Structure formats: structure tokens, C-alpha cells
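The values are calculated or read from the model by the stated rules, or taken from the named source; none is laboratory data. For clarity, every value in this text was computed on a predicted model and none was experimentally measured. Positions of Cβ are generated from backbone atoms using ideal geometry, with glycine treated the same way; all protein chains shown enter the neighbour counts. Please note that ligands, DNA and RNA were not included when accessible areas were found on the heavy atoms of the full protein model with its side chains. Shrake-Rupley method; radii C 1.70, N 1.55, O 1.52, S 1.80 Å.
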Amino acid sequence: MPSERLSVVVTRRLPEVVERRLAELFDTTLRKDDTPMTREQLARAMATADVLVPTLSDRIDAGLIGQAGDRLKLIANYGAGVDHIDVHTARQRGILVSNTPGVLTDDTADMTMALILGVTRRIPEGLAVMQGDDWSGWSPTALLGGRVAGRRLGILGMGRIGQAVARRAAAFGMQIHYHNRHRLRPEVEAEVGATYWESLDQMVARMDVLSVNCPHTPSTFHLMNARRLKLMKPDAVIVNTSRGEIIDENALTRMLRAGEIAGAGLDVYEHGSSINPRLRELKNVVLLPHMGSATREGRIEMGEKVLLNIKTFDDGHRPPDQVVPSML
Ligand code: DGY
């Protein structure tokens, strides 16, 4: 055990068991309330700590990294996505970045299916009828949705989460299509009978349901821009459990309002919690507050990954989930 314990600053409240373990192992500063830190608080933490444990609600940009103290050696992100961290600048400053991949795959894929079913089977409309005490009994023609079995699902980004969505959707009888930077190995494609599309435009134009599952990077920003959204079939729906910036939210809202896209299921938004108010008014959308990975089990496993990354670093090794710019 090193004589001096690493000083670790955690920017948000984490599950109690995770906070307790962090405090046992390191000289840890925990948050008293669950509000995001201000930029000044982040700068102060980064000036003095050995390790920062941020979350996606902290923007760790080049300016903040530039002001970091010499002690800061690891940014151990609590979360899989690292688009809020300037990984390139951190690397130039010799600061390692790690994340928590893998442990939120199934939960996020489950929520993707929930959104697909929620939109196509009009679940929020049914709920509104019940909560409004508006139901006068079964009707052969009320609240008819579309059957997912037999529909073409296009998965944009076939990493861990995309593949987990594919397995679930295949079990629901959907036909699986995907677009990805690299084509998958034949045996992985065969498992779910997935069809690879090199051209995203061509895939988008032919799908009944599109699921966004790629990370947000400079090259995926507005990948679903107005031009591409217009390629979608008017009876198609789009779901997004990845990052809001991948879809041009204003263009999507306009097209949903105009009936040019049939529906959307969104867990993430282009400007965080500042959602386009017109999107909120629509009936053909299911909107969730970024809860794709929000299970008790997942949050603890994310914490365990953070602990392992810091502990491994403390023991003089590379954190197992180190993120390097070439991975982005
Ligand atoms: C992540 O870890 O990046 C997820 O978006 C959190 O839900």
C-alpha cells in the first residue's frame, strides 16, 4: 500500500456503496449534494487532486485541463461516453482518461427496445388515457400501433450496445440492418442475421425503425442532419439512447410536426436538459430523461469500474479502461 493515499475528487453523488469504498481506499472528497459542480469548483478540484471522477454533466474542456495542477494524473470518468472530456488535450498534458464500458450495455439496449415499443405501440398515449380517467373500454379501432415483428431495424453504430439491441430486436422478430465504421465479423452478423450497409444514406432510406447507438464524436455530430432525416420513410420512427448531438433536434422536431417522420423515442437531447419545447408538445414522441443506463445494478457496476481503474493506476499500471484518442 503506498504511504500517501491518492487524493480523489468525485463531482456527483454516487451509490453509497461506491462512495464508501472510494473513501476506504483513497483520500476521497465526496459531494454533499447532487448538483453538478460549477466550473470554478471543477477548476479548484483539478488544481489539487491526483484523480478526478467526473460524470457526463461535467465539461472537462481544454481550458480546464490547461489549468489543472501537476498532481492531476487520472480522469476516471463515471460513465462510458467521454464526449464531455477533451481526451486529446488530457493526453498532451500526460493525464490519463478512463471510462466504464460494458456494464451499461444491457440496460441501455433494454431501454432502446422500450423506446421502440413505446413509440410503435403508443404506450404514452395509452397511459395518458388511463391517467386522465378517459377510458370507456376496449374498442377494435382505438390506439392502433404498428407491429414490430417483420419490420426493418437499422442500427447506426454496431458496437457493444448496438449488438445488444440487435440481439433483442431479432428476438422480437425484427430484421436487423446496420451501419458502422467497420463491418462486423461474419459470425457476429450471422448470430442475428444482420445486413451491413456501407452507405448510411441507403440504409436510412429503407428502414422502418432507426436506432442511434454510436458514440458522439466530431465525426458523428449531426450524423442525422436534416438532409438525412429527410431520407427516412414517412412512416418510419427513430430512437436515440446514445447522445443527442448525433441528431439535429430542430430538424427532427420540424419533421415530426409535419408528419414527415412518424415518431421518435428519445432518451438524450442535443442541448442536455434544454429540450426543444415543440418536441415536448408532440404525441408521436416518447421522451425520457437520459435514463437508459439507470439501473441500481448498473450504477454500482460503473462505480466498481471506476474503483478498479483508480486502484490499478495507483498500483502503477495502466487503468484497464483507459481511453486514448485513437479509440474515438
Ligand atoms: C454514459 O455512461 O455515457 C451513459 O450515457 C450514461 O447513461
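Observations
- Criterion applied to R12, R59 was being open to solvent by 60 Å² or more (accessible area, probe 1.4 Å) and within 16 Å of the ligand (Cβ to nearest atom), and the one residue passing it is R59.
- Filtered residues of segment 233-248 (kept if open to solvent by 10 Å² or more (accessible area, probe 1.4 Å), over 19 Å from R122 (Cβ atoms) and without any contact (Cβ under 8 Å) to a residue 40 or more places away in the chain): D248
- Residue match in segment 92-112 (condition: within 16 Å of the ligand (Cβ to nearest atom), without any contact (Cβ under 8 Å) to a residue 40 or more places away in the chain and either farther than 21 Å from L308 by Cβ or part of a strand (DSSP E or B) (or both)): no
- Pairs meeting the criteria (first residue in segment 290-307 and within 22 Å of N213 (Cα to Cα) and assigned to a helix (DSSP H, G or I), second residue near the ligand (Cβ under 10 Å from one of its atoms) and charged (D, E, K, R), beta carbons under 9 Å, at least 6 apart or on different chains) are E297/D107; G298/D107.
- Here H182 clears all of (1) touching a strand residue (DSSP E or B) at 6+ places or on another chain (Cβ under 9 Å); (2) open to solvent by 30 Å² or more (accessible area, probe 1.4 Å) except the condition numbered (1).
- When S136 is tested against (1) polar (S, T, N, Q); (2) open to solvent by 90 Å² or more (accessible area, probe 1.4 Å); (3) in contact (Cβ under 8 Å) with a residue 12 or more places away in the chain, only condition (3) is not met.
- Single match in V129, V165, V148 (criterion: at pLDDT 95 or above, over 22 Å from the mean Cα position of the chain (by Cα) and open to solvent by less than 20 Å² (accessible area, probe 1.4 Å)): V148
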